[in-house]
Amino acid sequence: MLQIGICDDDSSARESLQLGCERVLRGQYAEVRFFAFSSGEGTLRWLETHPDELDVLFLDIEMSGINGMETARRIREKNERLVLVFVTGYADYVFDGYTVNALDYVMKPCRDTRLREVLHRALAQLHRLAPDTFLIKNADGMFRIPKNKILYLKSDKRVVTLVTDTQSYAYYGKLDEAEHELGDAFVRLHQRYLARAEAIERIEGSTACIRGESLPISRANHQRALLAFARNMLGGQLP
């Protein structure tokens, strides 16, 4: 699933851009989900509670209230991964996009040929970022979560809860599969717990402390957890 946000205070412009994206992406994805926003303020409020849900965000620059450029600046304070594309009727603004690491821009009205070029670049960037993100899907949608934001994962029967600094995500899955996908930067603490080694602040007996939480370490995983913690503390110098 590809999840695209469109922020424009003109409803007809939002609808036109969505229709253009649907035409260009037809057949490339089994499902494309769109999110519509009528203001920069509304976009920022939504992103506060859905920080890793969007893949691409089209931002109109000339909006009342917080304009697209200021919205992008505030987004970049918390999210470096989200692919930003500016939409504008004036070419004079487009060079400002480099200050917020925008991928590209499209001019109004958006032509399919130009939209196809921009979306191709956006999809290529998402593909490049894929090794550094962990993909999960639940009833709320699909989320690409940067691996370096993950603190730990906890399993309860078939439900895995992934915890970051700002949010938790529950999804159906197996912790063994998550461990395999996340790789060596993560260490198994317990049959039910998997943690990012860098997130472990200290180990006290059979407990790993992460952001004020105490996670159990099983006897079978204790040596492995200690080694991962020590290797991280020493900057990866241990074999």
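The values are calculated or read from the model by the stated rules, or taken from the named source; none is laboratory data. Model, not experiment: these values are computed from the prediction. Here the Cβ positions follow ideal geometry from the backbone for every residue, glycine too, while neighbour counts run over all protein chains shown. In case anyone asks, the SASA skips ligands and DNA or RNA and just uses the protein heavy atoms, side chains included. Shrake-Rupley method; radii C 1.70, N 1.55, O 1.52, S 1.80 Å.
In segment 132-176, the qualifying residues are those that are open to solvent by 70 Å² or more (accessible area, probe 1.4 Å) and aliphatic (A, V, I, L, M), and the one that is nearest to the chain's Cα centre (by Cα) is LEU135. For segment 211-225, filtering for residues that are under 12 Å from TYR152 (Cα atoms) and either part of a loop (DSSP other than H, G, I, E, B) or of a type in the set (A, V, I, L, M, F, W, C) (or both) leaves 2. In segment 185-194, the condition of being touching a Lys or Arg at 6+ places or on another chain (Cβ under 7 Å) and either open to solvent by 50 Å² or more (accessible area, probe 1.4 Å) or outside any strand (DSSP E or B) (or both) is met by at least one residue. Taken over segment 2-28, the criterion of being surrounded by 13 or more Cβ atoms within 10 Å (Cβ to Cβ) and part of a loop (DSSP other than H, G, I, E, B) is satisfied by ASP8, ASP9, ASP10. In summary, HIS222 fulfils each of the numbered conditions (1) under 27 Å from GLU48 (Cβ atoms); (2) surrounded by 14 or more Cβ atoms within 10 Å (Cβ to Cβ) with the single exception of condition (1). For segment 34-111, the strands (runs of 3 or more DSSP E) that sit wholly inside it and include 1 or more residues that are within 20 Å of LYS149 (Cβ to Cβ) and either modelled with pLDDT under 90 or hydrophobic (A, V, I, L, M, F, W, C) (or both) are 56-60, 83-88. In the set LEU115, LEU151, only one residue is at pLDDT 90 or above, of a type in the set (A, V, I, L, M) and assigned to a strand (DSSP E or B); that residue is LEU151.
Given the options SER168, SER218, name the one that is of a type outside the set (Phe, Trp, Tyr) and without any contact (Cβ under 8 Å) to a residue 24 or more places away in the chain.
Only one candidate qualifies: SER168.
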